[in-house]
Amino acid sequence: AEWPLRPGDSGSVTPPPPPLLPTTEEGPPCPTISAPPTPSTVFLVVHGGGFIYGSPETVADFSAGLMSESGYDVVVMRYPLAPQNPYPAALLQLYEVYRELVYLYHCVHVVGVSAGANLALSLTLLLRNTSLFTTCHQHVEDLDDISLPLPDTVTLVGGTYSLDFGSPSYVKYGEGPKLTRAMMAQYYSLYLAGNMDLEEAILSGTLHLHSLQTRRYYRTNSRIRAELNRFSPLRSPYAVPLESSNFQNLPPMLLVVADKDILFDDTMSLFRRIDKEQGAVKVEVIQGPHIHLAGENSVINRHITDSVISFVAEN
């Protein structure tokens, strides 16, 4: 099946060719579209892989099942990976893909998995903070309008949202299975700095002694660029979402996490923050280690697929 998946396609996912993404300060090119809007619905799926690996194939089975069971189109995004493309390259590419989908579809539901959940939440915060809209379902007629609507729903599966490596779940499950403290420190260092310079500081809790500037991508909309440049990547809500000052005016969110996941407390902290501010949020805890939906057994894939579809139907 060609990307995006559409109802009736086969179960395999053939992603589009990798985008041409320069590693210079010019940043990723903005995609262009010409197709007219249609009254339809799409899932935008953002794969995991610690910001440094992974592809649409990583979540092929899950995405195919989501398309088949929901009857909606599914777009599986291929984003630029660190360290060649550190923060905010992946987020900016996600923004551009979302911008296209808002034009093409009336309803956009975002699903992020693992590191992709970080990107999905970061995108949602960026949209909220740079948009004049505060509600969903407002269609954008002009692609040059920075005021893009928020996603209709957001589902975050096994996400990483904090640099707090001293949380109880980091301490209890820091040696795995599947994911370890050392692996997470490497991932974040490569994502935020483009190298391993921050690994020791992340593990030792001394990031406050470091500073880092956001890389500039001059092809990006000036308002988005200005917003990203307000923060150091180490303290940016668009790289470390729990750094956000508030979680108000967000779309309905479904948070899914495994009870033996090193990132369990990241999800629970996010749930408490959103719930405290009267946000529409639901948390679902699954037994087992970290969920990344790459090679997961069919029972887990089907369970999360059903949860996502039910949550969308409720909202």
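Straight-line reach from Lys178: which lysines have a Cα under 20 Å away, not including same-chain ones fewer than 8 places off?
Cα-Cα hits under 20 Å: Lys260.
With the Cα gyration tensor of the stretch 43-198 giving a ≥ b ≥ c as the square roots of its eigenvalues, does the rule (a/c under 1.5 for rounded; else a/b larger than b/c for prolate; else oblate) give rounded, prolate or oblate?
It is prolate, given that a/c is not under 1.5 and a/b is the larger ratio.
From largest to smallest, what semi-axes in whole angstrom does the stretch 253-308 give when each is the square root of 5 times an eigenvalue of its alpha carbon gyration tensor?
Over the Cα atoms of the stretch 253-308, the semi-axes work out to 22, 13, 7 Å.
Distance between the C-alpha centers of the stretch 90-113 and the stretch 277-297? Whole Å please.
Rounded to whole Å, the Cα centres lie 21 Å apart.
Coordinate-derived values only; no laboratory data. None of these values were measured; they are calculated from a predicted model.
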